[in-house]
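Here is the structure we will look at.
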Amino acid sequence: MRKNLTLATFTVATAIALAGCSAGTGGSSMPGMDHGSASSSGSAASPAAATAGDHNAADAEFARMMIPHHAQAVQMSDVILAKNGIPAQVTALAGRIKAAQGPEIEKMTGWLKDWNEPAGMSGGHTMNGMVDNEDMTKLEAAQGRDAARLFLTHMIAHHQGAVAMAQKEGTDGKNADALKLGKDIVTAQEAEIKEMQELLGAL
């Protein structure tokens, strides 16, 4: 179910717009997706101070790719939260994802600004785990347990893609804040993958 989409089809501008919606409605941090201190560091109020010399190209690529990746997770969560008949544990998970990832989008957007890095990506880059338009339409149309199954199936693949990107940042990155966020994403999302697999098996 894993999909690869280019950034040309899922723009950073859309991602930031989604972030603005999510950050104002979440508020609380979530276990699993909190990524350690990432969501609780007050990033929305004051992005981490950084200079151009504090990062390398891998850090910038990590932020530029993770922003729209997170934004789609928020979008998928919004779809589930708008439905009736979703199992309570799945609804709770969607709420936690939305609450955590909006502030992280703002944090990474702030890094790019502080680093004087462009927000957009050049062509040819892919993001593992992204859901294509056809599957997103199916998720929007589904109801009840069918919708919950689709959400969990897609979000498992989505998390796996985020873990892969975060692991690459851990290998290639330089910026201390970006490295920490990458490490926290790996730890948190691997745990959530196991949680979602258990939820999916119970449906």
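Of everything in segment 143-167 that is touching a residue at least 40 places away in the same chain (Cβ under 8 Å) and small (Gly, Ala, Ser), the residue that is nearest to Ala63 (Cα to Cα) is Ala166. Restricting attention to segment 72-87, the residues that are closer than 10 Å to Ala148 by Cα and outside any loop (DSSP other than H, G, I, E, B) add up to 1.
Which members of segment 162-177 meet the condition of being within 22 Å of Leu199 (Cβ to Cβ) and either touching a Pro at 6+ places or on another chain (Cβ under 8 Å) or buried (at least 23 other Cβ atoms within 10 Å of the Cβ) (or both)? Scanning segment 162-177 gives a single hit, Ala162.
For every residue, the table says whether it meets (1) at pLDDT below 95; (2) surrounded by fewer than 17 Cβ atoms within 10 Å (Cβ to Cβ).
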residue	(1), (2)
His125	yes, yes
Met130	no, no
Thr137	no, yes
Glu140	no, yes
Gln143	no, yes
Ala191	yes, yes
Leu199	no, no
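Ala99 meets the conditions (1) of a type in the set (A, V, I, L, M, F, W, C); (2) closer than 25 Å to Gln143 by Cβ; (3) at pLDDT 95 or above in every case but one. The failed one is (3).
Gly102 passes every criterion in (1) farther than 15 Å from Thr153 by Cα; (2) touching a helix residue (DSSP H, G or I) at 6+ places or on another chain (Cβ under 6 Å); (3) surrounded by fewer than 18 Cβ atoms within 10 Å (Cβ to Cβ); (4) in contact (Cβ under 8 Å) with a residue 60 or more places away in the chain apart from (3). When residues in segment 146-175 are screened for being assigned to a helix (DSSP H, G or I), over 19 Å from Arg96 (Cα atoms) and not small (Gly, Ala, Ser), 7 of them pass.
The values are calculated or read from the model by the stated rules, or taken from the named source; none is laboratory data. Predicted model, so just to flag it, every value in this text is computed and none were measured. Note that we place each Cβ from the backbone using ideal geometry, even for glycine, and neighbour counts take in every protein chain shown.
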